Amino acid sequence: MKRKLTIKDVDLKGKHVLMRVDFNVPLNKETGEVTDDTRIKAALPTIKYAIDQGGKVILMSHLGRPKGVKDPKYSLKPVAKRLEELLGHHVSFVDDCIGEGPRKVVEAMKDGEIMLLENVRFHKEEKNNDPEFAKSLASLGDIHVNDAFGTAHRAHASNVGVAKHLTSVAGFLMEKEILMLGKAVEKPEHPYVVILGGAKVSDKIGVITNLLEKADRILIGGAMMFTFLRALGKKVGDSLVEEDKIELAKNILKTAREKGVEFILPVDTIIAQTIEAGVEKKVVSIDEGIPSGWKGLDIGPRTIELFKEKLNDAKTVVWNGPMGVFEIDDFATGTEEIAKALASLKGADTIIGGGDSAAAINKFNLANKVSHVSTGGGASLEMLEGKVLPGIASIAEEDIKKKRRLTIAGNWKMNKTPTEAKLFAGVLAAEIGLEDSLDIVVCPPSIDIPAVADVLKDTKIGVGAQNIYPKESGAFTGEISVTMLKDLGVKYVIVGHSERRHIFGESDELINEKNKFALKENLIPIFCIGETLEEREAGRTFEVLRSQIIKGLKDISANEIMRMIIAYEPVWAIGTGKVATPEQADKAMGYVRKLLGELYSMEIADQLKILYGGSIKPDNFDSLIKMENIDGGLVGGASLKESFIELVRIAKNYL
Ligand code: 13P
């Protein structure tokens, strides 16, 4: 995933900061007071930051399910009061979220002030993501900050719709949620243990299916365990079982076995006849079975020990769903013991999914002992299912490509006499010689270099060679040294061009020597790679690129690679008029970037310039240069004429 822009990436001073928070908190039915302010507290760092930066903060949220009409039961007014207490800062409240009322208050706001709009769900247009409604909301702000992770699985107007009109950036809470859950989804450290609980298997099918691909162990507690135990033919008495999910449970158990995932079910359970405090309860082993008239309401002591043992060496733990009916103390032990086990784990990322498990960890006062307690129940579940959440997708991403300078390099190959070269260099100097917004390079035949370098010496156009020999000097008839080139002011050199590989039989090893030698002598290698038609048709493109990269970059350090340019030139597209489609080129170049990320780091790979080469012409360059992984072109035929100037203009237009 590309880095999402955060509130720290934007200037807030004097701006109307339209901030979507998740203040969907429980209220006391009689007094209307906030009974759990966890979500309000979780949004405080972002709100404080925005006012400290001199922003005018306009908060919006939903609360409950008011069905699209104004219902005082779901008013955010008590939340404004609680927020004011927590912040120690005045919070004004406006009794609607669109229209004249909010507009007037917003216009009168001063820097550092905060206001909370009334429940956005008092308008049915919020949940419908109505474009006009979203536009009205957006008109209140200059920038949109999305800190409502709890709503990220919904495409509503106040989180997703407004992002069509305003740049949407993540708040600190959203940033942390994406970071922590994203890590568990994309690259968890192993052993990766997942604890799932809660009442229903049906709520967790998506998560289980996705986790069977990633987790090493899945521990099952909560009432959902009984559906699995029934699938194994155990006696579960009157416990909650989803009859229509027994087949599914069997399939999950089978898949886990096939995939080598340890799927661990409880070995004992706490049973009672009714779900009430103070009733008679017993521990029974699962093998013995639950008598009829009794139901399992928590995991038993042996299961707690077993689960603790399975957590011991974990490096990543995700917990979603309580182990029993933890709201009643008699059936809370399993949940409490698992919470404690997680809190005491050392050196592991411990992530608590939102909803009930978050409520549980708060009940036992252990929230600050785990790495992350998600504020989103549904949202964290969907993220663990591997889904793209609309409320995250709508947050703007950093345009990494814009950070790489474009390069247009001309490879003149064996064309132009020194006289012709000098003349053409004069044309380039006059037309694009002072162009500074991108890098322009020409690589003439070596015999033309003195004349070309002389004409271009006071311009911004760099001169490159088409080849070097990786020795300082000596008995190497017909070859040219780096010292000679540097004497003429040459800065670049093409290495590993496919014509040198295929016509002159250059090996990956020699190419590697040339890359290293050029770097040692401070020339910038333009290192070429690319597959032949035969290799592409045999489906070997990635394999060939991988081998060329690994061999060509052997023993080249991270510092050195940063001084190189890579050029992807599919051999079948060179000089044939058969240009790769933008998608084909971008796919291969994306692969190369990912591979460089693995060899060095993604941070380095994101900064490396990768050029495309092969039948580039002014009429196809526009669609190529737009692609995410294409940072310019290495141009043959079209670099010999005025079309080169045209290519530079096309690239410049793209900037
Ligand atoms: P063409 O642009 O003539 O296809 O050549 C590409 C190339 O090989 C540049 O190095």
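Scanning the stretch 625-637 for residues that are within 8 Å of the ligand (Cβ to nearest atom), crowded, with 20+ Cβ neighbours inside 10 Å and not in a strand (DSSP E or B) gives a single hit, G636. Can you confirm whether A80 is surrounded by 13 or more Cβ atoms within 10 Å (Cβ to Cβ), touching a helix residue (DSSP H, G or I) at 6+ places or on another chain (Cβ under 8 Å) and outside any loop (DSSP other than H, G, I, E, B)? Spelling it out, it is not the case that A80 is surrounded by 13 or more Cβ atoms within 10 Å (Cβ to Cβ), touching a helix residue (DSSP H, G or I) at 6+ places or on another chain (Cβ under 8 Å) and outside any loop (DSSP other than H, G, I, E, B). Within the stretch 332-352, being buried (at least 24 other Cβ atoms within 10 Å of the Cβ) and in a helix (DSSP H, G or I) holds for G334, T335, I338, A339, L342.
Checking the structure you have, find out if any residue of the stretch 116-135 is under 15 Å from H16 (Cα atoms) and in contact with a Leu (Cβ under 9 Å, 6 or more places away or on another chain). Yes, that holds for at least one residue.
Looking for whichever is buried (at least 16 other Cβ atoms within 10 Å of the Cβ), part of a loop (DSSP other than H, G, I, E, B), touching a helix residue (DSSP H, G or I) at 6+ places or on another chain (Cβ under 6 Å) and among the aromatic types (F, W, Y) here; the options are F93, F133, F23. Which one fits?
F23
Once the stretch 549-576 is narrowed to residues that are touching a Gly at 6+ places or on another chain (Cβ under 8 Å) and small (G, A, S), the residue that is nearest to I529 (Cα to Cα) is A567. When each of L510, L596, L553, L523 is tested for being more than 16 Å from the ligand (Cβ to nearest atom), closer than 30 Å to T483 by Cβ and touching a Pro at 6+ places or on another chain (Cβ under 8 Å), the lone residue that passes is L510. Applying the set (1) at pLDDT below 95; (2) outside any helix (DSSP H, G or I); (3) surrounded by fewer than 18 Cβ atoms within 10 Å (Cβ to Cβ) to N368 leaves exactly one unmet item: (2). Can you find a residue that is hydroxyl-bearing (S, T, Y) and either surrounded by fewer than 15 Cβ atoms within 10 Å (Cβ to Cβ) or within 30 Å of K402 (Cβ to Cβ) (or both) anywhere in the stretch 55-63? No, the stretch 55-63 contains no residue that is hydroxyl-bearing (S, T, Y) and either surrounded by fewer than 15 Cβ atoms within 10 Å (Cβ to Cβ) or within 30 Å of K402 (Cβ to Cβ) (or both). For the stretch 217-258, a residue qualifies if it is within 22 Å of S292 (Cα to Cα), touching a residue at least 60 places away in the same chain (Cβ under 8 Å) and either β-branched (V, I, T) or in contact with a Pro (Cβ under 9 Å, 6 or more places away or on another chain) (or both), and the qualifying residues are G221, G222, M225, V236.
Beta carbons closer than 6 Å, at least 6 apart along the sequence or on distinct chains, pair a first residue in the stretch 631-655 that is closer than 25 Å to K402 by Cβ and without any contact (Cβ under 8 Å) to a residue 40 or more places away in the chain with a second that is assigned to a helix (DSSP H, G or I) and within 15 Å of the ligand (Cβ to nearest atom) for E646/P618; I650/F621. On inspection, V284 fails the criterion of being under 18 Å from L196 (Cα atoms), in contact with an Asp or Glu (Cβ under 9 Å, 6 or more places away or on another chain) and outside any helix (DSSP H, G or I). For the stretch 186-220, give me each residue that is out of contact with any strand residue (DSSP E or B) (no Cβ under 9 Å at 6 or more places or on another chain) and of a type in the set (D, E). E186, D203, E213 - these are the residues of the stretch 186-220 that are out of contact with any strand residue (DSSP E or B) (no Cβ under 9 Å at 6 or more places or on another chain) and of a type in the set (D, E). Within the stretch 125-138, the set of residues being more than 13 Å from A155 (Cα to Cα) and touching a residue at least 12 places away in the same chain (Cβ under 8 Å) comprises F133, K135, S136, L137, A138.
The condition (being of a type outside the set (S, T, Y) and surrounded by fewer than 19 Cβ atoms within 10 Å (Cβ to Cβ)) is satisfied by just one residue among G376, G386, G391, G321: G386. Look at (1) buried (at least 16 other Cβ atoms within 10 Å of the Cβ); (2) farther than 22 Å from T532 by Cβ; (3) away from the ligand (no atom under 16 Å from the Cβ) and you find that M602 fails only one, number (1).
Any residue that is surrounded by fewer than 16 Cβ atoms within 10 Å (Cβ to Cβ) and within 14 Å of the ligand (Cβ to nearest atom) - is there at least one of those in the stretch 496-503?
Taking every residue of the stretch 496-503 in turn, at least one turns out to be surrounded by fewer than 16 Cβ atoms within 10 Å (Cβ to Cβ) and within 14 Å of the ligand (Cβ to nearest atom).
Annotation note: of G347, G355, the sole residue that is at pLDDT below 95, over 19 Å from A379 (Cβ atoms) and within 30 Å of the chain's Cα centre (by Cα) is G347. Restricted to the stretch 434-469, and to residues there that are under 22 Å from D631 (Cβ atoms) and surrounded by fewer than 18 Cβ atoms within 10 Å (Cβ to Cβ), the residue that is nearest to the chain's Cα centre (by Cα) is S437. Considering the stretch 556-583, and only residues there that are within 15 Å of the ligand (Cβ to nearest atom) and part of a helix (DSSP H, G or I), the residue that is surrounded by the fewest Cβ atoms within 10 Å (Cβ to Cβ) turns out to be W572. Return yes when S615 is part of a loop (DSSP other than H, G, I, E, B), within 16 Å of the ligand (Cβ to nearest atom), free of Cβ contacts under 8 Å to residues at least 60 places away in the same chain and not aliphatic (A, V, I, L, M) and no when it is not. It is true that S615 is part of a loop (DSSP other than H, G, I, E, B), within 16 Å of the ligand (Cβ to nearest atom), free of Cβ contacts under 8 Å to residues at least 60 places away in the same chain and not aliphatic (A, V, I, L, M). Where helices (runs of 4 or more DSSP H) fall entirely within the stretch 482-538, those with at least 1 residues that are modelled with pLDDT of 95 or more and within 21 Å of N559 (Cα to Cα) are at 482-487, 508-520.
Can we say G376 is out of contact with any Phe, Trp or Tyr (no Cβ under 7 Å at 6 or more places or on another chain) and within 30 Å of D203 (Cα to Cα)? Here the answer is no, as G376 does not meet what is asked.
The values are calculated or read from the model by the stated rules, or taken from the named source; none is laboratory data. This structure is a prediction, so every number in the text was calculated from the model and none was measured. FYI the Cβ positions are ideal-geometry reconstructions off the backbone, even for glycines, and counts take in every protein chain you see.
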